[in-house]
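These notes concern the structure reproduced below.
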Amino acid sequence: MPKDNDKLSGVQKAAILFITLGPEASAGIIKRLPEEEIRKITYEIANITTLKQSQRQGILQEFIEMNRARDYLVEGGLEYAKNLLGRAFGPQRTKEILDKVTEDTQQYRPFSIARKADANQLMNVISNEHPQTIALILCYLQPDKAGQLLSSLPEDVQAVVAYRIATMSNTSPMVIREIEKVLDSKLSSVVRSDVTIIGGVPTLVDILNRVDRTTEKNITEDLEREDPELAEKVKDSMFVFEDIISLGNLAIQRVLREIDVKELSLALKGCSEEVANCIFENQSKRASASLKEDMEFLGPVRIMDVEKSQQKIVAIIRRLDESGEIVIARGGEDAIVL
């Protein structure tokens, strides 16, 4: 597994796993998770914009290995797991897998991300911190990593940090959490260049379009509380104007009763022939003829104005969906009107 993946939290790994599995498989899994976990994972999915191919493969491989290890432990205990895993992965990799499974089941330990981080990268982050802060961080790292970092510090700082480690006693949990939060933020801000664009809002929307309405509603409501701007982007992307053809005739006719004719004529100026015909077919001959005349009368229009009208119509569709008057198709189901 790529070393970069060792720096990720469990929630981040879960988000990458869902992206890797694809929307259909992910939708079936995510709706079975606790609401708090769903909120955290979907938030991460929406904020992931770049991923290495090796990172995706590594997360998937880790998922397979961890689940296999847990199954073996439950089935026959530690020695049984060592034996079967050893045949597949060899002794060194088996030790790493079992250590990770054990670590995951233990209680939370501060600076877990720092413990997984590369020593050189960690050094770049903490080198300018106060000696007391460095000392505290080193106390929670593996001895070999802490030793490597201590050796990399300037000589005058080494002695100060060593003294503070030796004389450190009780530290407020609040102080520890605050330092950990700042450190985690700095470590997560490191950007790699060898990545491909993936994930983000489009991926999350693709998944949400395949889950049931209750799961979708819970996730979007949580996102609204956590990050209103991000939630709006997700909601805007979940149903675009061109998706109106997926509503079905009865639902489209219900929507048309809510739309101003001038707004509709402007919105249709920028759509495909398929979408326009779908609208015309759900009107009377007289109404469709009048709409076509209005569109011709408008002449050239600005794209900005067209998109604005389309967004207003989408807002109406979402309102009717939220009120239960129509139901937008989700997870392969047909849209219906109530």
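Residues that are over 15 Å from residue 242 (Cα atoms), buried (at least 17 other Cβ atoms within 10 Å of the Cβ) and touching a Phe, Trp or Tyr at 6+ places or on another chain (Cβ under 8 Å) are absent from region 265-281 altogether. Of all residue pairs spaced 6 or more apart or on separate chains, none has beta-carbon atoms under 8 Å together with a first member in region 87-101 that is closer than 17 Å to residue 58 by Cβ and a second member that is at pLDDT below 70 and open to solvent by 80 Å² or more (accessible area, probe 1.4 Å). Of the candidates 244, 219, 259, 207, the single residue that is surrounded by 18 or more Cβ atoms within 10 Å (Cβ to Cβ) and closer than 20 Å to residue 306 by Cβ is 244.
When 312, 292, 308, 285 are checked against the criterion of being of a type in the set (Lys, Arg) and under 13 Å from residue 239 (Cα atoms), 312 stands alone in meeting it. Within this structure, residue 148 fails the test of being farther than 22 Å from residue 9 by Cα, open to solvent by less than 70 Å² (accessible area, probe 1.4 Å) and part of a helix (DSSP H, G or I). Consider only pairs whose beta carbons are under 9 Å apart and that are at least six residues apart or on different chains; among these, list those whose first residue lies in region 309-338 and is modelled with pLDDT of 85 or more and whose second residue is of a type in the set (S, T, N, Q). Note: pairs meeting the criteria are 309/265. Taken together, 128, 124 contain a single residue that is open to solvent by 50 Å² or more (accessible area, probe 1.4 Å), within 28 Å of the chain's Cα centre (by Cα) and modelled with pLDDT of 85 or more, which is 124.
Once region 130-168 is narrowed to residues that are hydroxyl-bearing (Ser, Thr, Tyr) and without any contact (Cβ under 8 Å) to a residue 12 or more places away in the chain, the residue that is nearest to residue 115 (Cα to Cα) is 151. Before we move on, is residue 212 touching a Lys or Arg at 6+ places or on another chain (Cβ under 7 Å), among the acidic types (Asp, Glu), more than 30 Å from residue 292 (Cβ to Cβ) and modelled with pLDDT under 75? Spelling it out, residue 212 is indeed touching a Lys or Arg at 6+ places or on another chain (Cβ under 7 Å), among the acidic types (Asp, Glu), more than 30 Å from residue 292 (Cβ to Cβ) and modelled with pLDDT under 75. Residues in region 104-119 that are in a helix (DSSP H, G or I) and modelled with pLDDT under 60: 104, 105. Within this structure, residue 169 passes the test of being at pLDDT below 80 and open to solvent by 70 Å² or more (accessible area, probe 1.4 Å). Residue count for region 34-49 satisfying the condition of being open to solvent by less than 60 Å² (accessible area, probe 1.4 Å) and either outside any helix (DSSP H, G or I) or hydroxyl-bearing (Ser, Thr, Tyr) (or both): 2.
The sole residue among 297, 239, 280 that is touching a residue at least 40 places away in the same chain (Cβ under 8 Å) and of a type in the set (Phe, Trp, Tyr) is 239.
The values are calculated or read from the model by the stated rules, or taken from the named source; none is laboratory data. On a predicted model such as this, the values are computed, not experimentally measured, just so you know. Positions of Cβ are generated from backbone atoms using ideal geometry, with glycine treated the same way; all protein chains shown enter the neighbour counts. Note: accessible area is taken over every heavy atom of the protein model, side chains too, but ligands, DNA and RNA are not part of it. Shrake-Rupley method; radii C 1.70, N 1.55, O 1.52, S 1.80 Å.
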